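This report refers to the structure that appears directly beneath it.
The values are calculated or read from the model by the stated rules, or taken from the named source; none is laboratory data. Because the structure is predicted, anything quoted here is derived from the model rather than measured. Methodologically, a virtual Cβ is constructed for each residue, glycine included, from the backbone with ideal geometry; neighbour enumeration extends over all protein chains shown.
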Amino acid sequence: MSPFIFMNTLSKKFIYTAFFLIILLAAALRLYQLSQIPPSLSWDEAAAGYNAWTIANFGQDEGGRNFPLFFKSFEDDKHPVHIYITAVSVKILGLSEFSTRLPAAIFGVLNVLIIFFLGRMLFKSSGIGLLAAFILAISPYNLHFSHFNHEFNIAVFFFMLGLWMFLAGINRKSYLLSLSFFSFGISLISYHSSKIVVTLLILLLVILFFKKLRQLKKQFLLGIGILSFFIGIILFNPELLGIARMKQTAFSPKEIQSTQGYKMTQNELVGKVDIIFHQYLTHFSPEFLFISGDRNSRLSAQSSGEFYKIEALFLFLGLIILVRKRSKVSLLLLAWALLGPVPSALAKEAPHAGRAMFMTGSWHLIIALGFAFLINLAHKLPLKIVIIAGGLLLYGIFLKENLTYYYGEYGNRYAVDWQYGMRQIVDYIKRHPEFSQVYMTDVRSQPYIFFLYYFKILPDDFQKTVKYNDTQSRSYNLVSVFDKYHFGDWDPIESIPFPNVLYVISPSHYNGLRYKNSFTNAELVKFPNGTDAFYMVSKY
């Protein structure tokens with residue numbers, strides 16, 4: 001029985017009205033409290049926002065390089081696409097939490113838009129496209145990554161756009177074929193995961209549709225030329241290959257040697273494969289998928305899995321249909337879904353929702369397919385309507401629970417993981433220009449970037465006075481000092497109360513201050529849940 005019969009009977013007016021409402025819903029969910037949730041910028045967001053601001057206004061990054069193809073960020077090399085897109089946002093709106101996060105929200109909405117057209121093309125059904133768009137619009141996975149500055153939505157969007165243009169190009173709009181490779185290329189230089197997943201899927205597309213590509217030889221060769229240009233950018237800029245990040249996330253000898261594979265063979269490669277295989281499987285665990293999501297609170301709200309519990313049934317049904325159908329579309333979707341977790345499995349901290357970003361899109365399309373199949377099992381229209389209403393009701397309940405937690409308890413519980421308090425510290429310093437020296441604890445890592453961000457320090461001024469950390473803790477605090485601001489280069493317990501000198505320290509350091517009674521002023525920054533975050537002490 002075809003799962004598409006009922007979904008194909010929907011009127012155009014209904015389809016486009018529903019599609020418009022879904023886009024509105026997606027935009028509302030992604031823009032609501034964008035500046036407030038998560039409760040503060042992370043250091044990666046501050047770095048992206050500041051470098052976007054310096055590029056937009058001065059054509060330089062924080063290191064003084066003119067329009068670079070990669071950005072140095074805390075011993076890691078960042079891809080250019082999301083920073084240049086953020087540069088447009090901060091140029092138009094000014095540098096703020098909202099403008100820094102806006103690109104993630106916009107591309108989150110664009111993903112909802114493109115998955116409708118992609119689902120409609122893959123399944124020849126506008127109804128399934130609608131279901132896929134709705135499911136992605138309220139997805140806890142996509143919602144969270146639409147609320148902070150990350151490459152996630154941008155890399156996924158350009159892949160899905162490229163896939164849609166590729167399929168449209170080989171069927172009826174040949175001029176889109178070469179453009180599809182341009183979109184794939186943008187995805188390749190957007191995030192490390194793309195280099196694995198997108199590359200393999202492009203190869204699969206060429207194999208599956210080679211006969212049609214031969215008929216469109218001119219457009220295909222042009223597309224290959226375009227893709228080669230992006231590959232050349234990566235090869236001539238090795239930093240974009242992610243070598244620095246691979247070193248940071250590589251498995252330690254101890255981890256490798258503790259595997260069963262290594263113990264049996266004494267071979268490190270076998271040990272690594274053992275780790276990768278087991279890490280890959282963790283992405284299919286109920287905990288990650290449907291219960292708690294990523295264990296890192298910056299990558300998941302922790303209130304639900306990356307997918308809603310109801311979607312376990314739809315996913316199961318969708319997979320059965322794909323396996324039974326045995327078509328090129330089935331193979332493509334299954335490959336996309338199964339390749340999604342691979343980049344995460346190759347590094348530490350798996351399952352990692354960010355590195356497994358290409359589970360977005362493929363899994364949502366399969367879930368929509370399963371939902372459509374369940375609807376079509378009912379032979380009579382009233383029962384179909386009951387199934388649709390029941391499914392939407394359950395989705396509404398899960399969405400309400402997720403949003404209630406996300407806009408409430410999440411910010412209170414995990415503010416510390418989002419480096420909360422940095423803006424409050426800088427705001428206090430702005431109100432007190434009399435301080436000639438400021439000593440800032442590095443307990444939250446990379447504090448300097450927040451000073452650059454909130455003070456809007458000119459890149460030239462930063463470069464004139466910056467002294468980089470050359471100790472072994474370099475990866476945790478890149479800068480020791482610039483201008484009058486010091487970062488973790490002193491013993492906070494031994495802080496001496498001099499006039500017009502401010503010390504920003506942790507509560508534990510405040511309680512242990514040797515000269516605590518000699519300070520005449522202490523300001524306290526609290527986390528949203530009321531616990532102490534930072535003390536600012538001085539002697540007037």
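Just the residues that are within 20 Å of S42 (Cα to Cα), more than 18 Å from the chain's Cα centre (by Cα) and part of a loop (DSSP other than H, G, I, E, B), please, taken from the range 64-99.
Matches in the range 64-99: E75, G94, L95, S96.
Only one of these conditions is not met by F251: (1) out of contact with any Pro (no Cβ under 8 Å at 6 or more places or on another chain); (2) hydrophobic (A, V, I, L, M, F, W, C); (3) in a helix (DSSP H, G or I); (4) within 19 Å of P341 (Cα to Cα). Which number is it?
(3)
In the range 170-197, what count of residues is obtained for those that are of a type outside the set (V, I, T) and outside any helix (DSSP H, G or I)? Please lay out each step first, then the result.
Keep residues of the range 170-197 that are of a type outside the set (V, I, T), which gives 171-185, 187-188, 190-195.
The next check asks that each one be outside any helix (DSSP H, G or I); those that pass are 172-174, 190-191.
Of the residues in the range 170-197, 5 are of a type outside the set (V, I, T) and outside any helix (DSSP H, G or I).
Given the criteria under 30 Å from S300 (Cβ atoms), assigned to a helix (DSSP H, G or I), aliphatic (A, V, I, L, M) and touching a residue at least 40 places away in the same chain (Cβ under 8 Å), does L167 qualify? Show your work before the answer.
Values: under 30 Å from S300 (Cβ atoms): no; assigned to a helix (DSSP H, G or I): yes; aliphatic (A, V, I, L, M): yes; touching a residue at least 40 places away in the same chain (Cβ under 8 Å): yes.
The answer is no for L167.
Please work out which residue is nearest to the chain's Cα centre (by Cα), limiting yourself to the range 416-465 and to residues that are assigned to a loop (DSSP other than H, G, I, E, B) and of a type in the set (V, I, T). Break it down into steps so the answer makes sense when it comes.
So the first thing to find is which residues in the range 416-465 are assigned to a loop (DSSP other than H, G, I, E, B), and the list is 419-421, 432-436, 441-447, 456-458.
Filter once more, so that each one left must be of a type in the set (V, I, T): 441, 443, 457.
Numbers: T441: 28, V443: 24, I457: 27 Å.
Ranking the candidates gives V443 first.
Would you please name the residue that is farthest from L374 (Cα to Cα), looking only at residues in the range 299-337 that are surrounded by fewer than 18 Cβ atoms within 10 Å (Cβ to Cβ) and charged (D, E, K, R)?
Out of the qualifying residues, it is K328.
Tally time: how many residues in the range 74-103 are closer than 19 Å to Y448 by Cβ, among the hydroxyl-bearing types (S, T, Y) and surrounded by fewer than 23 Cβ atoms within 10 Å (Cβ to Cβ)?
Of the residues in the range 74-103, 0 are closer than 19 Å to Y448 by Cβ, among the hydroxyl-bearing types (S, T, Y) and surrounded by fewer than 23 Cβ atoms within 10 Å (Cβ to Cβ).
In the range 43-73, which residue that is touching a strand residue (DSSP E or B) at 6+ places or on another chain (Cβ under 9 Å), small (G, A, S) and in contact (Cβ under 8 Å) with a residue 60 or more places away in the chain is nearest to F450 (Cα to Cα)?
A47
Just one of R444, R423, R431 is within 25 Å of A48 (Cα to Cα) and surrounded by fewer than 18 Cβ atoms within 10 Å (Cβ to Cβ); which is it? Show your work before the answer.
Working: R444 fails: surrounded by fewer than 18 Cβ atoms within 10 Å (Cβ to Cβ); R431 fails: within 25 Å of A48 (Cα to Cα).
After applying the criteria, what remains is R423.
Can you tell which of N149, N142, N111 is in a helix (DSSP H, G or I) and over 12 Å from I23 (Cα atoms)?
Criteria check complete, one pass: N142.
Taking the residues in the range 162-188 that are in contact with a Phe, Trp or Tyr (Cβ under 6 Å, 6 or more places away or on another chain) and aliphatic (A, V, I, L, M) as candidates, determine which candidate is surrounded by the fewest Cβ atoms within 10 Å (Cβ to Cβ). I'd like the intermediate steps shown before the answer.
Start the filter on the range 162-188 by keeping residues that are in contact with a Phe, Trp or Tyr (Cβ under 6 Å, 6 or more places away or on another chain), which leaves 162, 164, 170, 180, 183, 185-188.
Next, only the ones that are aliphatic (A, V, I, L, M) stay: 170, 186, 188.
Working: I170: 22, I186: 20, L188: 27.
This residue is I186.
Taking interchain pairs and intrachain pairs at least six residues apart, which have beta carbon atoms under 7 angstrom, with the first residue in the range 198-223 and outside any helix (DSSP H, G or I) and the second surrounded by 12 or more Cβ atoms within 10 Å (Cβ to Cβ) and of a type in the set (S, T, N, Q)?
Matching pairs, first to second residue: L216/S174.
Would you say Y535 is assigned to a strand (DSSP E or B), of a type in the set (F, W, Y) and touching a residue at least 60 places away in the same chain (Cβ under 8 Å)?
On the way: assigned to a strand (DSSP E or B): yes; of a type in the set (F, W, Y): yes; touching a residue at least 60 places away in the same chain (Cβ under 8 Å): no.
Against the criterion (assigned to a strand (DSSP E or B), of a type in the set (F, W, Y) and touching a residue at least 60 places away in the same chain (Cβ under 8 Å)), Y535 does not qualify.
Which residue is modelled with the highest pLDDT, if the candidates are limited to the range 167-199 and must be over 13 Å from H79 (Cβ atoms) and charged (D, E, K, R)?
Of everything passing the filter in the range 167-199, K173 is modelled with the highest pLDDT.
Inside the range 312-397, counting only helices (runs of 4 or more DSSP H) that do not spill past its ends, which hold 1 or more residues that are in contact (Cβ under 8 Å) with a residue 60 or more places away in the chain and touching a Phe, Trp or Tyr at 6+ places or on another chain (Cβ under 6 Å)?
Working: elements: 328-339, 342-345, 359-377.
The helices (runs of 4 or more DSSP H) meeting that bar are 342-345, 359-377.
If A105 meets every condition in (1) in contact with a Ser or Thr (Cβ under 8 Å, 6 or more places away or on another chain); (2) modelled with pLDDT under 95 apart from one, which number is that one?
Failing condition for A105: (2).
Mind listing just one residue for me: the one in the range 245-267 that is surrounded by 16 or more Cβ atoms within 10 Å (Cβ to Cβ) and touching a residue at least 60 places away in the same chain (Cβ under 8 Å) and, of those, farthest from S73 (Cα to Cα)? Break it down stepwise before answering.
Within the range 245-267, the subset surrounded by 16 or more Cβ atoms within 10 Å (Cβ to Cβ) is 245, 249, 251, 256, 259, 261-262.
Going one step further and asking which of them are touching a residue at least 60 places away in the same chain (Cβ under 8 Å), we end up with 245, 249, 251.
Details: R245: 11, T249: 15, F251: 22 Å.
It comes out as F251.
Which one is surrounded by the most Cβ atoms within 10 Å (Cβ to Cβ) among residues in the range 385-405 that are over 11 Å from I310 (Cβ atoms) and of a type in the set (S, T, Y)? Walk me through it before giving the result.
Keep residues of the range 385-405 that are over 11 Å from I310 (Cβ atoms), which gives 385-389, 400-405.
Those left that are additionally of a type in the set (S, T, Y): 404-405.
Numbers: T404: 12, Y405: 17.
Taking the candidates together, the pick is Y405.
Looking at R101, R120 in this structure, which one is within 28 Å of F373 (Cβ to Cβ), of a type in the set (K, R) and in contact with a Leu (Cβ under 9 Å, 6 or more places away or on another chain)? Lay out the reasoning, then the answer.
Details: R101 fails: within 28 Å of F373 (Cβ to Cβ).
None of the others qualify; the one that does is R120.
Return the pair list, or none, for Cβ contacts closer than 8 Å from residues in the range 1-29 that are over 14 Å from F134 (Cβ atoms) to residues that are basic (K, R) and at pLDDT below 95, at least 6 apart or on different chains.
From residues that are over 14 Å from F134 (Cβ atoms), the pairs are F4/K124; F6/K384; N8/K124.
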